[in-house]
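Beneath this line is the structure, given in structure tokens, with notes to follow.
The values are calculated or read from the model by the stated rules, or taken from the named source; none is laboratory data. Everything numeric here is computed off the predicted structure, so don't read it as measured data. Virtual Cβ from ideal backbone geometry, glycine too; neighbours counted across all protein chains shown. The area values use the complete protein model at the heavy-atom level, side chains included, leaving out ligands, DNA and RNA. Shrake-Rupley method; radii C 1.70, N 1.55, O 1.52, S 1.80 Å.
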Amino acid sequence: MGQRAWAPGRVNLIGDHTDYMGGLVLPMAIGLGAEVTGDRGGDWVMLGSEQFDGVAEIALDSQSDPAFIEPPWARYVAAVVAEIAPRDGFVGVLNSTLPPGGGLGSSAAVEVAVATALGADLADPLRVAQACQRAEERAVGVPCGIMDQLVAIAAVPDAALRIDCRTLEIDHVPFPDDAEVAVVHSGDQRDLAKTPYAERRAECEAAEELVGRRLRDLSPAEVEDIDEPLLRRRARHVTTENDRVDALAAALTEGQLRYAGELLVASHVSLRDDFEVSTPRLDALVTELRATPGVFGARVTGAGFGGCVIALCRSETPIGPPVLWRGRPAHGAELRQIRD
Ligand code: GLA
């Protein structure tokens, strides 16, 4: 009897660049994801792939630093092995339907699928998500938040997941019946480790140092007192975005789709102007999607600097640009027994 572990990618409906500052986020799982199939046992984790070159071969007692393992995709596998210290090895295949570097949580899906295949206990989603979050930093040095890993595990169908990244409490927010999310790729793939992601985080921390308080506790009005213009803009994004998360959660619960769409657009503008993580292509796609009948609103999703935009639309609405995926919130990670 073999195993099949599945972990979804995600779109973030709202709340970007807030998770690592202890803020609020509202992602949902999508139907694209990473899958690990094979058999548990032995002293090695050995995975091949149809999408990625080379083979990941990690000894369970390996002392090597995951950041230097070859091929590069095996760094995620090695870092998960180092974090969860599984009892048994695994021989099998890792495949993903997510575009790498597309802003859809592709690396978190790989981490969670590998952790699940290696026997991590999905009944304790937070613990597994935290191990995978540490694995991301260990593998590629990206100081990410908890959002992608936690939604990949804790998502339930037909609901977005509100995460309070300070208390780590989660709430399932029902997704309106007649709505869908469409995902459109800008064509720009990016490697987060090579973007100013870590710089943005450092700027937010510098803003907190300057005011002597957590951004989470500041009101948007208080942010306007920050003297340094760049830090003021970064802090303005984070505080207004936290407010938009709860506004969107309420709008979705009440089925107020027009208002929900306006909040997505406001978030995009904030990410573009105050946080400076959009690109001309992402902006053009958002403009095009907003002009489409049946689309309530659109925004960049995830870290930005390239990757995807999302549109909140009425089910079945035809969308002009090629759609990578569309649908309603999907389920989180799972492990199944399969026959060989
Ligand atoms: C990446 C990180 C997340 C989050 C987003 C931006 O996806 O992995 O933790 O910070 O960027 O919201």
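The criterion of being modelled with pLDDT of 95 or more and within 14 Å of the ligand (Cβ to nearest atom) does not hold for VAL80. Within the option set GLY38, GLY31, GLY2, being more than 15 Å from the ligand (Cβ to nearest atom), of a type in the set (Gly, Ala, Ser) and open to solvent by 30 Å² or more (accessible area, probe 1.4 Å) holds for one residue only, GLY31. If the condition is being more than 12 Å from ASP16 (Cβ to Cβ), open to solvent by 30 Å² or more (accessible area, probe 1.4 Å) and part of a helix (DSSP H, G or I), then region 254-284 contributes GLU254, ARG258, TYR259, GLU262, ALA266, VAL269, ASP273, PRO280, ARG281, ASP283, ALA284.
Conditions (1) in contact with a helix residue (DSSP H, G or I) (Cβ under 8 Å, 6 or more places away or on another chain); (2) of a type in the set (Gly, Ala, Ser); (3) within 14 Å of the ligand (Cβ to nearest atom); (4) in a helix (DSSP H, G or I), marked per residue:
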site	(1), (2), (3), (4)
ALA123	no, yes, no, no
LEU126	yes, no, no, yes
GLN133	yes, no, yes, yes
ILE163	yes, no, yes, no
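Taking the criterion of being in a strand (DSSP E or B), of a type in the set (A, V, I, L, M, F, W, C) and more than 30 Å from ALA207 (Cα to Cα), the residues of region 21-53 that qualify are ALA29, ILE30, LEU32, ALA34, VAL36, TRP44, VAL45, MET46, LEU47. Within the option set ALA109, ALA74, being modelled with pLDDT of 95 or more, open to solvent by less than 10 Å² (accessible area, probe 1.4 Å) and either under 15 Å from the mean Cα position of the chain (by Cα) or more than 29 Å from TRP325 (Cβ to Cβ) (or both) holds for one residue only, ALA109. When ARG190 is tested against (1) at pLDDT 95 or above; (2) not in a helix (DSSP H, G or I), exactly one condition is not met: (1). Only residues that are under 17 Å from ALA5 (Cβ atoms) and in contact (Cβ under 8 Å) with a residue 40 or more places away in the chain were counted in region 45-77, giving 9.
Per-residue answers, yes or no, for (1) out of contact with any Leu (no Cβ under 6 Å at 6 or more places or on another chain); (2) of a type in the set (D, E, K, R); (3) in contact (Cβ under 8 Å) with a residue 12 or more places away in the chain:
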{"residue": "ALA193", "(1), (2), (3)": "yes, no, yes"}
{"residue": "ALA202", "(1), (2), (3)": "yes, no, no"}
{"residue": "VAL211", "(1), (2), (3)": "yes, no, yes"}
{"residue": "GLU228", "(1), (2), (3)": "yes, yes, yes"}
{"residue": "ARG234", "(1), (2), (3)": "yes, yes, yes"}
{"residue": "ARG244", "(1), (2), (3)": "no, yes, yes"}
{"residue": "GLU262", "(1), (2), (3)": "yes, yes, yes"}
{"residue": "VAL269", "(1), (2), (3)": "yes, no, no"}
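When we screen VAL184, VAL151, VAL114, VAL156 for residues that are more than 16 Å from the ligand (Cβ to nearest atom), open to solvent by less than 10 Å² (accessible area, probe 1.4 Å), within 25 Å of ALA260 (Cβ to Cβ) and at pLDDT 95 or above, the only hit is VAL184.
Would you check which residues across region 135-161 are touching a residue at least 60 places away in the same chain (Cβ under 8 Å), touching a Leu at 6+ places or on another chain (Cβ under 9 Å) and either within 23 Å of GLY42 (Cβ to Cβ) or assigned to a loop (DSSP other than H, G, I, E, B) (or both) and list them? Result: CYS144, ILE146, ALA155.
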